Amino acid sequence: MDYRDFVARFGQQDILVIGDLILDHYLWGKVSRISPEAPVPVVDVERESFLLGGAANVAHNIVSLGGKAAVIGVSGSDAAGEALGDMLGRQGVECSGIFVSNRPTTVKTRVIAHNQQVVRFDREDRNYITGRVLKGIMEYIETVYRKFDAIIVSDYRKGMISAELIRKIVEKAARRKIFVAVDPKIGHFGFYKGVSLITPNVTEAADGAHCEIFDEATLMRAGRTLIKKLDCRAVLITRGEQGMSLFERARVTRVTHIPTAARKVYDVTGAGDTVISAFTLAHASGAGMEEASVIANHAAGVVVGEVGTAVVTPEQLLESFA
C-alpha cells in the first residue's frame, strides 16, 4: 500500500493537544571514576540541552510531521515555563491555551553518560488542577474546540487530566464528531470512557483491563476488555519489540497485529508521543485504523533509533517504508 497520499495530507490537519506539558532537561557527559563519597559514578558534564516533553512533545511531533498543532496545558511562573513556551512558539505551535499557575513547570532532568541514562530527577506538582485555572481551561476548550480536526489527550498524570476534564472533552467532541485519541496513564483508565482511541503500552493495558498480559490469549482478553469497558472505537496496544496490536470495535472485535518497524533501538523516551501523533494525523488525513497504525508504527521506529526525546519528519517517515 502507498502511504504517501495520507502523509501528503498531514499539512491540512489542525490538531488540538490537551495534557501535561513537560520540559525535558538533559545533562550529557562521561564517567571515568567512582565517587570517593559513595559508590556512585561521577559524571563529568560536557553539555546540556532542553527538549519538549509530554503534551508539548506530542504537539512538536505533529508540526514536525507537517501538521498544525495547538496546546492546552499548564506551566509555572518560572524560567522553565518561559523556556517551554518559547520552544513551542519557535516550532509554530499555538500556545494561547497555556495557563500559568502557581505550581512549578514540570521538568524531567536526565543525566546521560556514554549514551546511557544514569539517573533522572523530576520537579513537579502532581495535584489536580482546580479553581480558576481549571475554570479557564474549561472555558477555553468551549471556545476553540470546533476548529480542530482531532483532539489528542496526553496524560502523564501530572495533574492536568481529570475525569471532569475528559467528560468535557468527550461531550464537546461528540457534538461535532471529532476524533479523540488518548495516551493513557496507569490509575486513570476510569476517566477515558467514550473516547475514540487509547494507545496504552502492555503494562498500562494490563492495569486498565485488570488482566495480567503474558501471552497472546491474555493480550486478546485485555484488548477486548478495554474496548468494552471504555466504549471506545479502538485500542492500540504498543508492545515494544513485538510491535503493536490494534483492537477495533465491531460486532466481533477485529484484531490486527503489526510487527515492529524499528531497525535499531537506542531510547524509547517519547515514543508513545510519536505513536499517538502519527496515528491521529494519519486518521484525520483519511487513513483507516489499520493504515494509521502502520504509519504510527513506522514513525515510532524512527524515533527509538535516536537518544533523547525525538521527533520524525515526513521524509524520514516515508523513507522508513522503503
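Here, each number is a calculation from the coordinates, and none is a lab measurement. If you're wondering where the values come from, they're calculated on a predicted model, not measured in any experiment. With ideal geometry, Cβ positions are generated from the backbone for all residues, glycine too; neighbour counts draw on all protein chains shown.
Figures for the structure shown
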quantity	calculated
Stretchable slack from GLU82 to GLU142, in nm (0.36 nm times residue separation minus alpha-carbon distance)	19.0 nm
Eligible lysines near LYS177 by straight Cα distance, threshold 21 Å, same-chain separation 8 or greater	LYS68, LYS147, LYS168, LYS193, LYS228, LYS229
The chain: calculated mean residue ellipticity at 222 nm from DSSP helix runs of at least 4, using -39500 (n - 2.57)	-11000 deg cm²/dmol
Inter-part distance where segment 187-243 and segment 1-56 are each reduced to a Cα centre, Å	26 Å
Label point distance in nm, VAL45-ARG126, each placed 7 Å from Cα along Cα→Cβ	2.5 nm
Per-peptide average of other Cβ atoms within 10 Å, ordering 281-287, 54-60, 213-219 highest first	54-60, 281-287, 213-219
For segment 116-216, convex hull of alpha carbons as volume per residue, Å³	153 Å³
Relative frequency of Cα-Cα separations exceeding 14 Å in segment 272-322, percent	44 percent
Size descriptor, Kirkwood hydrodynamic radius, that averages inverse alpha-carbon separations across segment 1-134, Å	16.7 Å
Per-pair calculated FRET efficiency, R0 = 41 Å: THR203 and VAL133 via Cβ, rounded to 0.05	0.85
Residue of GLY208, GLY76, GLY187 that the Gaussian network model of the chain assigns the largest fluctuation, springs spanning Cα pairs under 10 Å	GLY187
Segment ARG175-LYS229, length gained on full extension (0.36 nm per residue, minus Cα span)	17.2 nm
Ratio of the Cα radius of gyration of segment 45-93 to 2.2 N^0.38 Å, where N counts its residues	1.19
Sparse-neighbourhood loop sites, trypsin sites (Lys or Arg not before Pro) in segment 189-265 - DSSP loop, at most 13 other Cβ within 10 angstrom	ARG251, ARG263, LYS264
Among (1) 156; (2) 145; (3) 175, the entry derived from the coordinates for volume of the Cα convex hull per residue in Å³	(2)
Stretch gain in nm, segment ALA322-GLN116, where the contour uses 0.36 nm per residue and the Cα spacing is subtracted	71.2 nm
Charge tally in the Cβ shell below 14 Å around GLY85, where Lys, Arg are +1 and Asp, Glu are -1, GLY85 excluded	-3
Most mobile listed residue (GLY29, GLY194, GLY66) in the chain, GNM with C-alpha springs under 10 Å	GLY29
Whole-Hz ³J(HN,Hα) from phi, Karplus 6.51 cos²θ - 1.76 cosθ + 1.60, for segment 5-11, glycine and proline x	5, 5, 4, 5, 8, 4, x
